[in-house]
1. Tally the residues that are among the β-branched types (Val, Ile, Thr), open to solvent by less than 40 Å² (accessible area, probe 1.4 Å) and farther than 16 Å from Asn299 by Cβ, restricting the search to region 361-383.
2. Output the residues belonging to region 109-164 that are touching a Pro at 6+ places or on another chain (Cβ under 6 Å), of a type outside the set (D, E, K, R) and assigned to a helix (DSSP H, G or I).
3. For region 217-230, which residues satisfy the criterion of being within 37 Å of the chain's Cα centre (by Cα) and farther than 15 Å from Asn193 by Cα?
4. Can you pull out every residue in region 87-101 that is closer than 14 Å to Asp323 by Cβ and open to solvent by 20 Å² or more (accessible area, probe 1.4 Å)?
5. Looking at region 54-64, can you tell me whether even one residue there is closer than 19 Å to Ile96 by Cβ and not in a helix (DSSP H, G or I)?
6. Note down all Cβ pairs under 7 Å where the first residue falls in region 87-113 and is under 29 Å from Lys155 (Cα atoms), the second is in a helix (DSSP H, G or I) and among the basic types (Lys, Arg), and they're at least six residues apart or on different chains.
7. Taking the options Ala8, Ala39, name whichever one is aliphatic (A, V, I, L, M), modelled with pLDDT of 90 or more and either within 22 Å of the chain's Cα centre (by Cα) or part of a strand (DSSP E or B) (or both).
8. Counting only residues that are more than 28 Å from Tyr97 (Cβ to Cβ) and within 33 Å of the chain's Cα centre (by Cα), give me the helices (runs of 4 or more DSSP H) lying completely in region 316-420 with at least 2 of them.
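The values are calculated or read from the model by the stated rules, or taken from the named source; none is laboratory data. Since the model is a prediction, treat every value here as computed from it, not as a measurement. Methodologically, a virtual Cβ is constructed for each residue, glycine included, from the backbone with ideal geometry; neighbour enumeration extends over all protein chains shown. Areas reflect the complete protein model, heavy atoms only, side chains present, ligands, DNA and RNA absent. Shrake-Rupley method; radii C 1.70, N 1.55, O 1.52, S 1.80 Å.
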Amino acid sequence: MIMKSILAVDVSVNFFDFLKNQLSFQQITLEFADSAKNAYTKMSSLDPQLIIIDIDVNLSAVMEFLKRKLSDPNAKSIPIIVIGQDEYRKQVTPLIYYGVLKFFAKPIKFDKLFRIMGKLIGTNFEADETNCILETHVTDETIFIEISGGMNRAKIAMLRFRIAHCVKECGLKQPKVIIMMSNMELSFMDTTNIVYLLDNVLDGYTISNKNVTILTKIEFVHELIKGRPEYSRIKVTDCLTSVIDEIMGQFAGMDHIETITSKLLIPNKALSAAELDPRFSTDYDGTIMKVSDNGGIVNVAIVDDDPIIQKILQVSFEKSGADTFVFSSGVSFLNSISDHIYDIIVLDIFIPDMNGFDILHNLQHRNYDAAILIYSQATNKEYVIKALTMGAKNYLVKPQKPGLVVRNAFEMLMQNTDEL
């Protein structure tokens with residue numbers, strides 16, 4: 001059996017180590033190219049099934065690599081996932097021409113990333129879906145870890161790399177760690193998960209047992225730590241004031257309420273956006289999702305009441321790496337645009353609840369920026385002219401081969417992006 005391989009380009013050491021650790025369980029090799037300049041040589045020798053590139057480091061070098069890859073008949077079909085800061089999303093859109101299929105903004109939601117990776121290389125990644133909230137922040141010399149709801153091993157696996165990020169970026173010399181565990185029912189069945197949690201906290205990043213405190217009312221955690229000699233120096237308490245008193249040793253003169261507010265709950269050391277933030281797509285982060293979180297660099301809305309047309313176009317666009325959203329009515333589509341950003345809109349003129357011109361007028365009124373393609377049976381010349389004057393970029397008369405519709409839509413998008 002030939003082992004599958006993935007090439008990671010310009011990614012951070014923490015990201016690479018975490019990904020390599022997770023992929024090892026799937027018998028997948030992960031190789032590293034330390035720069036986009038060296039990526040082509042590495043790709044040629046490895047012949048990977050997938051390439052992951054961080055574009056935050058050197059976008060111009062990435063472009064040179066993509067051009068060389070495209071001109072290589074043996075490599076041009078290798079799919080690419082790009083990661084980077086969210087502001088790069090519009091710049092990434094034209095890269096679909098070079099085989100870039102997905103874009104994930106930092107911090108990455110890894111359940112989505114693994115799902116897409118598995119789909120692209122034909123491997124089924126079995127993710128731990130245990131409900132779990134895991135938060136980290138840094139205050140002075142202390143790293144606070146809050147875990148509640150359950151023990152999710154995939155999130156816990158990120159913790160050692162997240163701690164490394166905190167230690168390095170905040171310049172912590174002898175960091176203390178306070179682990180707050182709540183809203184969970186644990187028993188001896190969870191022993192391996194608790195040990196896994198502590199091993200990830202203590203594994204090689206200057207964290208000493210004596211500097212770890214666990215704050216929890218879960219009796220089994222107390223019993224487990226007490227019965228393990230290797231954890232004998234870890235302090236376990238269910239008393240918040242004892243933890244506060246420990247912190248008060250550094251901050252004498254502050255009352256307990258002030259300590260809770262300023263030291264336990266509020267970070268005072270800022271961390272840059274890291275790839276490894278232990279949040280998944282199911283975690284609510286207080287914001288409305290404005291773009292698809294499936295990694296698509298292009299979001300397509302198909303507004304058509306014909307279920308056959310819907311399905312054909314949906315399959316065709318998704319084969320090209322786009323995320324698609326299908327609507328049978330104009331009202332449902334217009335209601336959705338406050339929560340989604342669509343790069344391409346494929347719109348029929350004849351829709352039961354409102355016609356396509358009403359939708360175009362509404363989009364004009366909102367100054368909605370998207371490449372709009374009319375795909376309709378209407379052949380009336382006046383209809384064509386009216387649609388194009390109301391913001392549509394192109395007009396295709398049904399029926400057309402789905403590949404032609406997709407190609408026209410992406411060509412419009414490229415023109416739309418060039419105008420930005």
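1. Qualifying residue count, region 361-383: 1.
2. Leu120, Met158 - these are the residues of region 109-164 that are touching a Pro at 6+ places or on another chain (Cβ under 6 Å), of a type outside the set (D, E, K, R) and assigned to a helix (DSSP H, G or I).
3. Lys217, Glu219, Glu230
4. Arg89, Ile96, Leu101, listed by residue number.
5. Yes; the residues of region 54-64 include at least one that is closer than 19 Å to Ile96 by Cβ and not in a helix (DSSP H, G or I).
6. Phe103/Arg89; Ala105/Arg89
7. When all the criteria are applied, what remains is Ala8.
8. Numbers: elements: 330-336, 356-365, 381-389, 402-418.
Fully inside region 316-420 and qualifying: 330-336, 356-365.
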